[in-house]
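Have a look at the structure below before the remarks.
Where a number appears in this text, it was derived from the coordinates with a stated rule and is not lab data. Quick caveat: nothing in here was measured; it's all calculated off a predicted structure. Ideal geometry is used to build each Cβ from the backbone, glycine not excepted, and the neighbour counts take in all protein chains shown.
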Amino acid sequence: MATEALVAQVKQFVALAKSGKPDDAYIGYATLFRSVEFRTYPLEEQRQAIKLVANIKVAPSRPTPAQLDAFRAAIDPLSEILGGLGAPEDFQWLGICCMVTGDEKRAAELFRTGLKLERDRNPQSDLCGSLMKWVAAV
C-alpha cells in the first residue's frame, strides 16, 4: 500500500488489534471502508486493506457487532474491486465477507466462481486449496 494516509490508518488498526482491542480495530476498518476517500485509492491498495479483515481461516461462529460491521462495510468496495480486477482471490475475500454476514448462498457462488478461475489458472496453487476449503464450508 503506497498511499501514506491509508498506510497510517491501517497501521493504527493493526496496533489496536495487537493491543487487545480488536473491536476498536474493526470499527476503524468499517469506517475506512465506508469512507469516500477509501474509494479514491487504487483498487490494489483497497484490496490489501480489506484483506487484513477478510483473511481468516474459518468464519467466526459468533462474530461481534463490530466484526460484523467491518465485514459488511467491505462488501461494496470488494464488489467494485471484483468488477475492476476480477482475480480469483477477490472472489474468496468477497465470499468470506458474505459468509460472515450470513449470506451463505452468495458466498458459495463466489467461492465456486473463484475456484473455477483459479483451477483454470493454476490448479496446484495454495489459493485453489483455500477456495476448495471454503466451498466445503458452505
The residue that is nearest to the chain's Cα centre (by Cα), considering only those in region 86-138 that are closer than 25 Å to Arg62 by Cβ and of a type in the set (S, T, N, Q), is Gln92
So, first residue touching a residue at least 40 places away in the same chain (Cβ under 8 Å) and assigned to a helix (DSSP H, G or I) in region 43-63, second residue surrounded by 12 or more Cβ atoms within 10 Å (Cβ to Cβ) and among the β-branched types (Val, Ile, Thr), Cβ within less than 8 Å, six or more apart or across chains; the pairs are Leu43/Ile81; Glu45/Thr3; Arg47/Ile81; Ala49/Val10; Ile50/Ile81; Leu52/Val10; Leu52/Val14; Ala54/Ile96
